[in-house]
1. For residues that are in contact (Cβ under 8 Å) with a residue 12 or more places away in the chain and more than 19 Å from SER77 (Cβ to Cβ), tally how many sit in the stretch 110-128.
2. Just one of LEU97, LEU144, LEU120 is buried (at least 22 other Cβ atoms within 10 Å of the Cβ) and either out of contact with any strand residue (DSSP E or B) (no Cβ under 6 Å at 6 or more places or on another chain) or aliphatic (A, V, I, L, M) (or both); which is it?
3. Please identify the pairs in which a residue from the stretch 178-199 that is within 15 Å of MET211 (Cα to Cα) has its Cβ atom under 7 Å from the Cβ atom of a residue that is part of a loop (DSSP other than H, G, I, E, B) and of a type outside the set (Gly, Ala, Ser), counting only partners at least 6 apart or on another chain.
4. So, in the stretch 104-118, of the ones that are among the aliphatic types (A, V, I, L, M) and outside any loop (DSSP other than H, G, I, E, B), which residue ends up nearest to THR81 (Cα to Cα)?
5. Hey, among the residues in the stretch 32-65 that are closer than 24 Å to ARG110 by Cα and at pLDDT below 90, which one's surrounded by the most Cβ atoms within 10 Å (Cβ to Cβ)?
6. Please go through the stretch 180-238 and pick out each residue that is under 11 Å from GLY152 (Cβ atoms) and either more than 16 Å from the chain's Cα centre (by Cα) or assigned to a loop (DSSP other than H, G, I, E, B) (or both).
7. So for the stretch 159-173 (the condition being surrounded by fewer than 18 Cβ atoms within 10 Å (Cβ to Cβ), more than 15 Å from the chain's Cα centre (by Cα), over 22 Å from ASP54 (Cα atoms) and modelled with pLDDT of 90 or more), does at least one residue qualify?
8. Cβ-Cβ distance below 7 Å, separation of 6 or more or different chains: which pairs start in the stretch 55-80 with a residue that is free of Cβ contacts under 8 Å to residues at least 24 places away in the same chain and end on one that is surrounded by fewer than 23 Cβ atoms within 10 Å (Cβ to Cβ) and not in a helix (DSSP H, G or I)?
Amino acid sequence: MQLLWVQLRTSVAQALAYRANFIIEGTMSVAWLLLALLPLIVLFDQRKEVAGWDPPSALIVMAYFMGVKAVMEGLVSPSLTQLVERIRTGAFDYVLLKPVDAQFMVSSARYEPWKVFDLLGAVGLAVYALARRGYAPSAADLALGIVLFIAGVLAMYALWIVAAAASFWVVRLDNLIYLLGSILDTARWPIQVFRGAWRLVFTFIIPIAVMTTFPAMALLGKLDAKTALATLGGAIAMLAISRLVWVSAIRNYTSASS
């Protein structure tokens, strides 16, 4: 925990060393928020409801999407995108020599502090959407919504770890990580929007429903206990699988410098 705090403090200090850039990044985050809302605005322009979701409810899903994306791009993605280069050059050897778990090191080596603006924007959007609905969630729904938000972050982290671990076998995987990010952009839409095979894919194979739709339904008081438990279990299972993949990758790692 102390190491995590030191790394976070170093990243914040580096970001604040260039205050103008920090402010610009914050402004860009606000602009990105507005652009991200355009598809929803167009979708609900002539409709009051889509697949059982009214505009304020759909905004809740968008808020969860933005929140999960902000946490990943601020805390995890910057570190994992460096992993491919470390493996290619042999610099990953130095990570293995440290008396700290290698997965922890590569997951927390670098942060993007200005992503806090995106996270605040997500919270603000959720508050606005709830205000439009005209009532606040109960304490139980709010607590469950927060817990499932954490589960959604962990589920996305697990997918990121699996993609990053694949770099140990196929070094040039930069595009795979970007492709995964593009696929996960579909998490901005409620899972009910998708039909047939796509709903199965986005529920069980690339579980975007776990990341955004189910947490949003929990906050809105529409999620049953069975689905909530399945969401938590799914996130934990994904973490366990990603850990097994990572351990297997480490065992098969051959240093580029050897």
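1. Going through the stretch 110-128, the residues in contact (Cβ under 8 Å) with a residue 12 or more places away in the chain turn out to be 110-119, 121-123, 125-126, 128.
From the residues that got through so far, the ones that are more than 19 Å from SER77 (Cβ to Cβ) too are 123, 125-126, 128.
Summing the residues that are in contact (Cβ under 8 Å) with a residue 12 or more places away in the chain and more than 19 Å from SER77 (Cβ to Cβ) in the stretch 110-128 gives 4.
2. LEU144
3. ILE183/ILE206
4. Restricting to residues being among the aliphatic types (A, V, I, L, M) and outside any loop (DSSP other than H, G, I, E, B), the top hit is VAL106.
5. By that ranking, first place goes to LEU33.
6. Result: PRO207, ALA218.
7. Checked the stretch 159-173: no residue is surrounded by fewer than 18 Cβ atoms within 10 Å (Cβ to Cβ), more than 15 Å from the chain's Cα centre (by Cα), over 22 Å from ASP54 (Cα atoms) and modelled with pLDDT of 90 or more.
8. Once the first residue is free of Cβ contacts under 8 Å to residues at least 24 places away in the same chain and sits in the stretch 55-80, no partner that is surrounded by fewer than 23 Cβ atoms within 10 Å (Cβ to Cβ) and not in a helix (DSSP H, G or I) comes close enough.
The values are calculated or read from the model by the stated rules, or taken from the named source; none is laboratory data. Quick caveat: nothing in here was measured; it's all calculated off a predicted structure. Backbone-built Cβ (ideal geometry, glycine too); neighbour counts: all protein chains shown.
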